[in-house]
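These notes concern the structure reproduced below.
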Amino acid sequence: MAEPQQTGSGPVKSGLKMMSRATYMREALLKNLFLLCAIVAVAAVALIFVFTTARGWEVVKDPGLVAFLTGAEWSSTLGRFGILPLVVGTLAITLGSLVLGAPLAIGTAVFLSEIASPRMRSIVRPAVEMLAGVPSVVYGFFGLVILRPIAAELTGGMGFGTLTASVILAVMIVPTIATLTEDALGSVPPGIREASYAMGATTWQTIYKVLLPAAKIGIIDATILGMGRAIGETMAVVMVAGNAPQFFKGLGAPIATLTSQIVIDMSYATGTHKTALFGLAIILFLISMGLVALVRALSRLNEKKA
Amino acid sequence: MATLVLALTLTGCSAGGERREVIVTGSTTLLPISEVSGEMYTESHDGISILVSGMGSSAGIESVTKGSSDIGTSSRELKDAELELGLEDTPVAYDAIAVIVHPDNPVRELSTFEVRSIFAGVITNWSEVGGPDLPIGLVNRDEASGTREAFSKIIMDDARFDRGAVVLPGTGQVRSVIADVEGAIGYISLGFVTDDVKAVAIDGVEPSEATVVSGDYPVQRVLHFFTKDDLSDIARDYIEYVLSPDVQDTIVRDAGFIPITAKEAIGG
């Protein structure tokens, strides 16, 4: 880092502004302090990635990459570590939560941004934000005690499985998607909105034909980030999914996900089993990186268009 | 979790000095014995703490082997691979594994073969074993569970568990789900059976202390404390306390288990 060398104690010149030595020192200190904060965050991600990769990469040797990625059975007692049922489980639950949660969240955002009076907004917005603050074990407990019996009635099973987990996750991803969608709607230039109303369009026509298309990429971004949240959620899923590492057999059948299997197995895993669990962590990491990259690409697309 | 935090704090404090604690990790089945006896022992021995946590038998064996705990509790025998770890075995109690159903379920008795077929997913409706026309809801334990291991060994033989069974990571959770779902069936330690669930007779024998001691009830096992040979004096003294009649006749029996001395008494 090239710092201007100083001699004497008089005022120093930095850019166009004159500042005292004390001010200069403070500025430099703060700049470096914030740089340090950023480095810590980046280093944390890098460390976690290096650590999981170091512990997990040997899945390519045992059980072998193909057996690991395409194996149809996960059973530690039999020494089989195929992640396909877990991937399918994660996809099923995530898809279910998006189908239920995304419309709910986008509707909430449209309401907050376009329809609600300031008073109404001051009630609804904190309520939505509070959803993000509820600990996931509380969601899980709620799902276990309240939703599971209802799901059991509906599906004829025991209520553990895709349906219950999807409903819980749908509620959990609402704050993520709603907040970001509201931001996206808010950043649509007011002129577009006014032009639509000036043409005699109703509120609904304006929302449906003008605002949602204009904020489309922002809304897709929001949904992808919500998806990331659903894929990574663990505690609530373990409590209601039933944790059976089998392929999707219907909404009411028990199922396991990448994250839930790590939690169930980690206390006793050794050897290949432990390596395979770190392998699951690598897969989760890659999915998460993929989603972030997708969001970045979409944002760039949006900027180019604007 | 609180115990864990406590364990970390205490380990930090006593570093360098003489260790005044015993860390007991493992089977959730054994929790009532090790927790209550640990509390009693702490009360009568000033300045010593017994830190108990339940993470499954396999985790207990793993942790005592690695030296992160003094005593690994287990509700199953050692597997072949674990026999070479040089662990010392102290049996502390007998336990029966009860096959439990919802209290309203009219089925009172199942044969070993029927139980095996149910858990293998071959029998899927209660009407096939003399019950109502109701689908069977299978509840299994996670693969870390010593109860699952023991159940699998005694009942399942070579048959495999149905992969579609709900997997729950704790005895208490199995019980609460079975108490709640009419068609459900699961298995838990006899010590945990309450009025919320009903234990069925296996091959005509009800699970009880008498039938376990006589050997008639088939699904029974021994509960173990596993230790390494460099055991601290405090831990050794605590184990002796657990084996004393004080604990065996009160805590062990109150928890629904059968004292390790019971079979010797009748020469079994």
Identify the residue in the range A:167-178 that is surrounded by 24 or more Cβ atoms within 10 Å (Cβ to Cβ) and more than 16 Å from A:Thr90 (Cβ to Cβ) and, among all such residues, is nearest to the chain's Cα centre (by Cα). A:Ile177
What are the residue pairs meeting all of these: first residue in the range B:178-191, first residue at the interface with chain A (Cβ under 9 Å from one of its Cβ atoms), second residue assigned to a strand (DSSP E or B), Cβ atoms under 6 Å, and 6 or more apart or on different chains? B:Val181/B:Gly137; B:Gly183/B:Pro135; B:Gly183/B:Gly137; B:Ala184/B:Gly137; B:Ala184/B:Val139
May I ask you to verify whether B:Gly137 is surrounded by 18 or more Cβ atoms within 10 Å (Cβ to Cβ), over 24 Å from B:Thr261 (Cβ atoms) and either in contact with a helix residue (DSSP H, G or I) (Cβ under 7 Å, 6 or more places away or on another chain) or at pLDDT 95 or above (or both)? no
Cβ-Cβ below 9 Å, separation at least six or inter-chain, first residue in the range B:236-263 and touching a residue at least 40 places away in the same chain (Cβ under 8 Å), second part of a helix (DSSP H, G or I) and basic (Lys, Arg): which pairs? B:Pro259/B:Arg253
Answer residue from the range A:219-250, given it is within 18 Å of A:Gly143 (Cβ to Cβ) and of a type in the set (D, E, K, R) and is surrounded by the fewest Cβ atoms within 10 Å (Cβ to Cβ) among those: A:Arg229
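Go through the range A:49-61 and give me each residue that's without any contact (Cβ under 8 Å) to a residue 24 or more places away in the chain and not charged (D, E, K, R).
Scanning the range A:49-61 gives A:Val50, A:Phe51, A:Ala54, A:Val60.
Which ones in the range A:228-258 are among the β-branched types (Val, Ile, Thr) and farther than 14 Å from B:Pro169 by Cβ? Can you show your working first?
Step one: of the range A:228-258, the residues among the β-branched types (Val, Ile, Thr) are A:231, A:234, A:237-238, A:240, A:255, A:257.
Within the range A:228-258, A:Ile231, A:Ile255, A:Thr257 meet the criteria.
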On the given criteria, is B:Asp142 in contact (Cβ under 8 Å) with a residue 12 or more places away in the chain and within 12 Å of another protein chain (Cβ to nearest Cβ)? yes
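Considering each of B:Ile100, B:Ile118 in turn, give the residue that is surrounded by 19 or more Cβ atoms within 10 Å (Cβ to Cβ), at pLDDT 95 or above, part of a helix (DSSP H, G or I) and not basic (Lys, Arg). Spell out the reasoning first.
Details: B:Ile100 fails: part of a helix (DSSP H, G or I).
Step by step, each of B:Ile100, B:Ile118 is checked, and only B:Ile118 is surrounded by 19 or more Cβ atoms within 10 Å (Cβ to Cβ), at pLDDT 95 or above, part of a helix (DSSP H, G or I) and not basic (Lys, Arg).
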Take the conditions at pLDDT 90 or above, part of a helix (DSSP H, G or I) and within 27 Å of the chain's Cα centre (by Cα) and apply them to A:Ala46. Does it pass? yes
Would you check which residues across the range B:17-64 are within 14 Å of chain A (Cβ to nearest Cβ) and among the hydrophobic types (A, V, I, L, M, F, W, C) and list them? B:Met55, B:Ala59, B:Ile61, B:Val64
Failed criterion for B:Ile234 (all others in (1) surrounded by fewer than 23 Cβ atoms within 10 Å (Cβ to Cβ); (2) within 14 Å of chain A (Cβ to nearest Cβ) hold): (2)
On the given criteria, is A:Gly279 surrounded by fewer than 17 Cβ atoms within 10 Å (Cβ to Cβ) and modelled with pLDDT of 90 or more? no
Output the number of residues of the range A:62-81 satisfying the condition of being in a loop (DSSP other than H, G, I, E, B), within 12 Å of another protein chain (Cβ to nearest Cβ) and modelled with pLDDT of 90 or more. 2
Would you pick out the residues in the range B:155-175 that are small (Gly, Ala, Ser) and facing another protein chain (nearest Cβ under 9 Å)? B:Gly164, B:Ala165
Of (1) outside any strand (DSSP E or B); (2) within 14 Å of chain A (Cβ to nearest Cβ); (3) touching a Gly at 6+ places or on another chain (Cβ under 9 Å), B:Ser152 satisfies every one except (3)
Counting residues that are among the charged types (D, E, K, R), within 20 Å of the chain's Cα centre (by Cα) and more than 9 Å from chain B (Cβ to nearest Cβ), which helices (runs of 4 or more DSSP H) fully inside the range A:226-306 reach at least 2? A:271-305
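Can you name the strands (runs of 3 or more DSSP E) wholly within the range B:1-94 that have at least 3 residues being within 13 Å of the chain's Cα centre (by Cα) and at pLDDT 85 or above?
On the way: elements: B:21-26, B:49-54, B:71-74.
In the range B:1-94, B:71-74 are the strands (runs of 3 or more DSSP E) which contain 3 or more residues that are within 13 Å of the chain's Cα centre (by Cα) and at pLDDT 85 or above.
The values are calculated or read from the model by the stated rules, or taken from the named source; none is laboratory data. Note that the structure is predicted; figures quoted are calculated from it, not measured. Every residue, glycine among them, receives a Cβ derived from its backbone with ideal geometry; neighbour counts consider all protein chains shown.
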